[in-house]
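Right, one structure below, let's go through it.
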Amino acid sequence: MLPEKLLELLREEAAPVVGCTEPVAIALAAAHAYHVAPGDVSRLEVLVSPNVFKNAKAVGIPGTSHTGVDMAAALGVSISPPALDLNIFSSVKDADVKKALALLEKGLVHVDIDYDLTDSLYIEVRLATSSGEAEAIIQGRHTDLVYLKHNHRLLVDKRPEKRPANGPARLLRRHSIYELIDLVLALDPESLSFLKEGAEMNLRMAREGMGLKNGLGVGLNWKQLCSQGLTGKDLSNKIAYYTAAACDARMAGVQLPVLSIAGSGNHGLVATIPISLAARELGSPPRREVQALAISQLVTNYIKTYTGRLSPICGCGVAAGAGSGAGLVYLLQGSKEEMGGAIKNIISSLAGMICDGGKVGCALKLCTSAATAWQGALLARAGVTVPPGNGFIADSVEESLHNLGRICREGMAGVDRTIISILEQHRRLDLLPREKEGEEQRQNERGWVQG
């Protein structure tokens, strides 16, 4: 791979986003459909893959006090005018929320999950309005509009079966992780400045989380425990509570952007915040910090080619945690082999961390992931690495990741279905008050309720 091609890939996989990327992508698909068929909505049907539902069900939507696939889709046709990118929630206003709630209260929004989909990221929206019908599909990546149809007119058709497989997986997997690290270090650090800017964006979200009144408050409370002497005032804890605080704010729906990596804002938090904090503590020069950020992003993306873009395991821990650990080894003047050791340490530690959807509780997982990244890096620098033959860890990083991918695809194939069945129970309970109110209203209209 040419260094220029790698730089292009890194740029594509690092993007500012306001809100969790799954509800963002749902709103974006709905907005694309409404863009070609505007008017009074009479039906809004949404079909999603299990992983999309899982990650969108309980996470806060920026500019609102609401959560859920239904609400994200309703907002997609209510925001005026929508940004047709990952920042669609950056301009949500009270009037947009009221319009979206009206669609939900009228029962015009219907959500289904397709468990047979082979792509973990799939969103299909079918919309009927006073100006006609539209269908939009986002697939593969959170902004990839692969299909758009208005009435009988086909506007976009780039579905995977109609295009060659040419994504990050194909490009990255041609090389070993050590070859890719060499390519990253050959890039002009000035060309990687977008990562430094993104890290500052993520630190801003962390500071916002420190003063947050809602959300889980993991970061703020952990910081207070450090101040009280109940846990140490060291870099490991600072890394943990800063990363957790950023997640607190983001999962609560704070209307600020973060730098997403591999389609996930939380991946971006883990992949950048520990490195920026460690660089300041260690006095690393700006050049080395931005190179460490690039290594972190590279490794995160590389691991995602094995586990999948959305997976049964927590990518924030396994992928971004390992990426951050590799970048931290570089800050500590470590070798490529020690970076590989850190990757093995972290994936071995966190492979059992399941993904049970986007929510405020993710802050606890990010707290653990960030601290483990630092610990895994320090141990690798000290010569401590999980040896081959221990569990799924093999001789090389690539073989270990291949085994991790098998665990995701084969060993944990039923995990998402079980989790989603639990989330669906929660969703039905959430809808009961609304359904009860609607039934009472219908009975009143029909004269079924005695005065």
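The values are calculated or read from the model by the stated rules, or taken from the named source; none is laboratory data. Computed from a prediction, not measured in an experiment: that's the story for all the values here. In this analysis, Cβ positions are derived from the backbone assuming ideal geometry, glycine residues included, and neighbour counts consider all displayed protein chains. When the accessible area is computed, the model is the full protein with side chains, heavy atoms only, and any ligands, DNA or RNA have been set aside. Shrake-Rupley method; radii C 1.70, N 1.55, O 1.52, S 1.80 Å.
Identify the residue in segment 210-237 that is within 19 Å of GLY361 (Cα to Cα) and basic (Lys, Arg) and, among all such residues, is least open to solvent (accessible area, probe 1.4 Å). It would help to see each step written out before you state the result.
Step one: filter segment 210-237 for residues within 19 Å of GLY361 (Cα to Cα), giving 210-225, 237.
In the following step, the residues that additionally are basic (Lys, Arg) were identified as 213, 223.
On the way: LYS213: 199, LYS223: 81 Å².
My answer is LYS223.
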*segment 252-263: number of residues that are open to solvent by less than 20 Å² (accessible area, probe 1.4 Å) and either at pLDDT below 95 or farther than 15 Å from PHE194 by Cα (or both)*: 3
*asked:* Can you tell me which of (1) open to solvent by 70 Å² or more (accessible area, probe 1.4 Å); (2) basic (Lys, Arg); (3) modelled with pLDDT of 95 or more is the one ARG174 doesn't meet?
replied: (3)
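Sort through GLY327, GLY341, GLY358, GLY334 and tell me the only one that's more than 27 Å from VAL415 (Cα to Cα), in contact (Cβ under 8 Å) with a residue 40 or more places away in the chain and assigned to a loop (DSSP other than H, G, I, E, B).
Working: GLY327 fails: assigned to a loop (DSSP other than H, G, I, E, B); GLY341 fails: assigned to a loop (DSSP other than H, G, I, E, B); GLY358 fails: more than 27 Å from VAL415 (Cα to Cα).
Every option except GLY334 fails the conditions.
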*Please give the number of the condition LYS233 fails out of (1) modelled with pLDDT under 95; (2) assigned to a helix (DSSP H, G or I); (3) not aliphatic (A, V, I, L, M).*
(2)
*Could you list all residues from segment 373-399 that are open to solvent by less than 50 Å² (accessible area, probe 1.4 Å) and closer than 15 Å to ALA278 by Cα?*
ALA373, TRP374, GLY376, ALA377
*asked:* Out of ALA363, ALA292, ALA370, I need the residue that is touching a residue at least 40 places away in the same chain (Cβ under 8 Å) and within 25 Å of GLY383 (Cα to Cα). Which one?
replied: ALA370
_The conditions are (1) within 19 Å of GLY352 (Cα to Cα); (2) of a type in the set (Val, Ile, Thr); (3) open to solvent by less than 10 Å² (accessible area, probe 1.4 Å), and VAL329 fails exactly one of them. Which is it?_
(1)
*List the pairs whose first member sits in segment 5-20 and is farther than 21 Å from LEU269 by Cβ, whose second member is of a type outside the set (A, V, I, L, M, F, W, C) and assigned to a loop (DSSP other than H, G, I, E, B), and whose Cβ atoms are under 9 Å apart, counting only residues at least 6 apart or on separate chains?*
LEU7/ASP188
*Of these, LEU269, LEU220, which one is more than 20 Å from the chain's Cα centre (by Cα) and assigned to a helix (DSSP H, G or I)?*
LEU220
*Select from segment 72-104 the residues that are of a type in the set (Val, Ile, Thr) and surrounded by fewer than 24 Cβ atoms within 10 Å (Cβ to Cβ) and write down the one among them that is nearest to the chain's Cα centre (by Cα).*
VAL92
